[in-house]
């Protein structure tokens with residue numbers, strides 16, 4: 001009897017261990033995984049312009065991309081246990097820079113805008129400021145008989161202002177839209193690829209619109225063509241403001257117009 005109870009207790013222990021392992025596995029499955037959406041640098045290198053020449057001059061470029069960071073969750077039950085971080089801040093800065101460098105003669109990236117009074121002093125024709133505004137990403141996983149398909153839609157919006165030494169010459173905003181699908185893969189691991197693909201398409205479309213408005217701005221081109229006026233250095237400014245020196249007058253025995261001489265005090 002003791003042995004039977006002993007065997008029953010052992011079986012119970014083994015069942016209990018299996019139950020605990022199953023519960024742990026189930027908790028991991030329910031908590032889901034985080035799959036980062038892969039996003040490549042995506043400049044628009046095919047901007048339509050009415051001009052064959054670049055915008056002349058040196059320009060400051062400031063890009064604020066903080067708004068382009070979010071987490072995407074599926075809208076349906078499929079793959080709903082997982083979440084997909086989408087961070088394209090660095091990629092957006094690099095994409096804006098590459099797009100503008102094909103449109104402007106010289107671009108220098110700064111973290112913050114320069115005061116208008118400092119543009120000419122530093123030899124800049126103007127500055128371009130691009131601000132990320134909204135990022136909306138949707139994900140739906142459609143379950144099929146043999147496989148599941150991930151469908152993602154991403155919308156981006158951004159604003160752009162351009163100031164030259166003559167003041168504000170351009171202010172605009174634009175939107176980009178992207179859609180991509182692919183196989184969701186085992187445990188929904190490939191779903192993030194659809195989000196990344198849609199994001200890259202949206203970024204190229206957004207930058208294409210901003211690039212066209214920048215390159216085709218006649219007002220910007222006229223202002224940029226003017227030579228920036230550099231401020232005088234303090235020593236030069238002081239010299240320019242100093243009164244002109246009085247002309248030197250001869251002194252001593254000075255010969256007069258009639259051949260005579262006279263004494264002129266020094």
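Taken together, the values in this text are just the output of simple stated rules run on the coordinates, not laboratory data. This is a predicted model, so every value here is computed, not measured. Ideal geometry is used to build each Cβ from the backbone, glycine not excepted, and the neighbour counts take in all protein chains shown.
Would you list 188, 33, 79 from fewest to most Cβ contacts within 10 Å? Walk me through the numbers before you get to the answer.
Numbers: 188 22, 33 14, 79 25.
So the ranking, lowest neighbour count to highest, is 33, 188, 79.
Can you compute log10 of I(q)/I(0) for the stretch 75-125 with the Debye formula, treating each Cα as one identical point scatterer, at q = 0.24, 0.27, 0.31 Å⁻¹?
-1.01, -1.09, -1.17
Cut-off is 10 Å between beta-carbons; in what order do 145, 59 appear when sorted fewest neighbours first?
Values: 145 4, 59 25.
Ranked by crowding around the Cβ, least crowded first: 145, 59.
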